């Protein structure tokens, strides 16, 4: 499996062994989970980087978590949608399954853009909508204003694992 995204995938705010990909790998045990998270990366940068990472890792499954930095930088939400759609397409063109994780926009309270559920429905992609939002609204699960702590990443890993089981991926 390839966990691809920004600082939320990288595990910023916790030790590397506490990132959601590391926790997920320990939970599923029989599957290697490669963490390809780059802090600060926008969806446009992710779209540019993804083909090389897919070629290098050759995953059977992509866990895609992108968009947060677009929202923080107030970039065009429609462009983030198009970039995420393109990333899903790149993976599928290579025969790689995709699971989509939604990231919330900063607001009070943080809200998940509707395009995530729309893409998931339209493209028939397994989707986890609420775990990151639930973590960022609970100060006990955060290391700073944006990033989870170890407990927060464990919650995200647990939610991803449920989606993977429901989809028959594990």
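The values are calculated or read from the model by the stated rules, or taken from the named source; none is laboratory data. This one's a predicted model, so the numbers in the text were calculated from it and none came from an experiment. For neighbour counting, all protein chains shown are included, and Cβ atoms are generated from backbone atoms with ideal geometry for every residue, glycine included.
Say we look at the stretch 40-53 and pick out the residues that are under 22 Å from residue 156 (Cβ atoms) and in contact with a helix residue (DSSP H, G or I) (Cβ under 8 Å, 6 or more places away or on another chain); which of these is surrounded by the fewest Cβ atoms within 10 Å (Cβ to Cβ)?
Among them, the one singled out is 40.
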Residue 103: passes all of (1) surrounded by fewer than 17 Cβ atoms within 10 Å (Cβ to Cβ); (2) part of a loop (DSSP other than H, G, I, E, B) but (1)
Expected output for the stretch 23-36 (first residue without any contact (Cβ under 8 Å) to a residue 40 or more places away in the chain, partner surrounded by fewer than 20 Cβ atoms within 10 Å (Cβ to Cβ), Cβ below 6 Å, 6+ apart or cross-chain) is 34/57; 36/53
From the option list 94, 124, single residue qualifying as more than 22 Å from residue 29 (Cβ to Cβ), surrounded by fewer than 17 Cβ atoms within 10 Å (Cβ to Cβ) and touching a helix residue (DSSP H, G or I) at 6+ places or on another chain (Cβ under 9 Å) is 94
Counting only residues in the stretch 94-131 that are farther than 26 Å from residue 165 by Cβ and free of Cβ contacts under 8 Å to residues at least 12 places away in the same chain, the one nearest to the chain's Cα centre (by Cα) is identified as 107
Subset of the stretch 132-170, residues assigned to a strand (DSSP E or B) and under 16 Å from the mean Cα position of the chain (by Cα), comes to 148
Restricting the stretch 69-83 to residues that are out of contact with any helix residue (DSSP H, G or I) (no Cβ under 6 Å at 6 or more places or on another chain) and outside any loop (DSSP other than H, G, I, E, B), the one surrounded by the fewest Cβ atoms within 10 Å (Cβ to Cβ) turns out to be 78
So, first residue free of Cβ contacts under 8 Å to residues at least 24 places away in the same chain in the stretch 137-152, second residue buried (at least 17 other Cβ atoms within 10 Å of the Cβ) and assigned to a loop (DSSP other than H, G, I, E, B), Cβ within less than 9 Å, six or more apart or across chains; the pairs are 140/149; 141/149; 151/14
Only one of 46, 52 is at pLDDT 95 or above, farther than 25 Å from residue 151 by Cα, assigned to a helix (DSSP H, G or I) and within 13 Å of the chain's Cα centre (by Cα), namely 46
Being over 17 Å from residue 125 (Cα atoms) and buried (at least 24 other Cβ atoms within 10 Å of the Cβ) narrows 62, 24 down to just 24
